[in-house]
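Working notes, beginning with the structure itself.
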Ligand code: PNS
């Protein structure tokens with residue numbers, strides 16, 4: 001049984017994450033989506049909210065489980081008997097950071113490989129922080145997050161009227 005771990009903050013989950021989860025399942029028998037719960041790192045969504053939004057978004061994908069983890073990723077991977085860690089690469093900046101992290105994890109647990117999947121070009125610009133920012137200003141986040149999570153994320157960040165900026169910036173704001 002080949003187990004892989006797809007770790008992240010998922011604060012919140014994006015369509016880029018969902019695509020990587022789908023593609024990652026082709027590489028293993030079980031993909032564990034591991035949600036970082038770090039008391040030092042402030043998250044906008046609770047552990048339960050993040051896990052629920054991920055689970056809903058990938059409910060039709062076989063071979064996926066969603067779990068919280070804290071502490072070292074290498075320790076969690078060891079406990080779960082994982083063969084490798086899966087990470088997405090959105091561009092050159094990601095590659096530099098992720099390569100360092102991959103080797104740190106290999107130092108912590110010998111033989112623990114990290115597999116990088118390139119983000120699809122149309123999904124590469126998407127990040128959780130970008131989604132939070134668009135939502136905070138009342139923008140439409142539906143092109144960036146799973147349909148099942150749009151309302152929850154929108155309402156968390158913005159209570160006012162939605163701005164009609166789909167497809168362009170309104171004249172008044174140009
Ligand atoms: O979605 P993110 O925030 O890019 O995910 C980062 C994550 C969770 C993969 C990374 O911060 C992590 O693995 N944290 C746990 C602590 C750890 O093991 N760090 C790696 C050794 S430097």
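Some points to look at:
- Filtering the range 116-137 for residues that are at pLDDT below 95, part of a loop (DSSP other than H, G, I, E, B) and more than 23 Å from residue 2 (Cβ to Cβ) leaves a non-empty set.
- Reported count of residues in the range 94-135, each being out of contact with any strand residue (DSSP E or B) (no Cβ under 6 Å at 6 or more places or on another chain) and within 14 Å of the ligand (Cβ to nearest atom), is 21.
- Among the criteria (1) exposed (fewer than 15 other Cβ atoms within 10 Å of the Cβ); (2) within 23 Å of residue 45 (Cβ to Cβ), the one residue 96 does not fulfil is (2).
- Of all residues in the range 109-127 being within 20 Å of residue 74 (Cβ to Cβ) and without any contact (Cβ under 8 Å) to a residue 60 or more places away in the chain, the one that is nearest to the chain's Cα centre (by Cα): 116
- Where residue 155 falls short, out of the listed (1) part of a helix (DSSP H, G or I); (2) at pLDDT 95 or above: (2)
- Within the range 73-93, the residues that satisfy the criterion of being in a helix (DSSP H, G or I), free of Cβ contacts under 8 Å to residues at least 40 places away in the same chain and more than 9 Å from the ligand (Cβ to nearest atom) are 78, 79, 92, 93.
- Total residues in the range 6-30, condition over 18 Å from residue 80 (Cα atoms), away from the ligand (no atom under 16 Å from the Cβ) and in contact (Cβ under 8 Å) with a residue 12 or more places away in the chain: 2
- Residue list for the range 128-142, filter: without any contact (Cβ under 8 Å) to a residue 12 or more places away in the chain and surrounded by fewer than 17 Cβ atoms within 10 Å (Cβ to Cβ): 129, 133, 142
- Conditions (1) over 24 Å from residue 150 (Cβ atoms); (2) assigned to a helix (DSSP H, G or I); (3) under 11 Å from the mean Cα position of the chain (by Cα); number of the one not met by residue 19: (1)
- Residue within the range 68-77 that is under 25 Å from residue 125 (Cβ atoms) and surrounded by 14 or more Cβ atoms within 10 Å (Cβ to Cβ) present: no
- Scanning the range 31-67 for residues that are surrounded by fewer than 18 Cβ atoms within 10 Å (Cβ to Cβ), away from the ligand (no atom under 13 Å from the Cβ) and assigned to a strand (DSSP E or B) gives a single hit, 65.
The values are calculated or read from the model by the stated rules, or taken from the named source; none is laboratory data. Bear in mind that the values here come from a model prediction, so they are computed numbers and not experimental data. For neighbour counting, all protein chains shown are included, and Cβ atoms are generated from backbone atoms with ideal geometry for every residue, glycine included.
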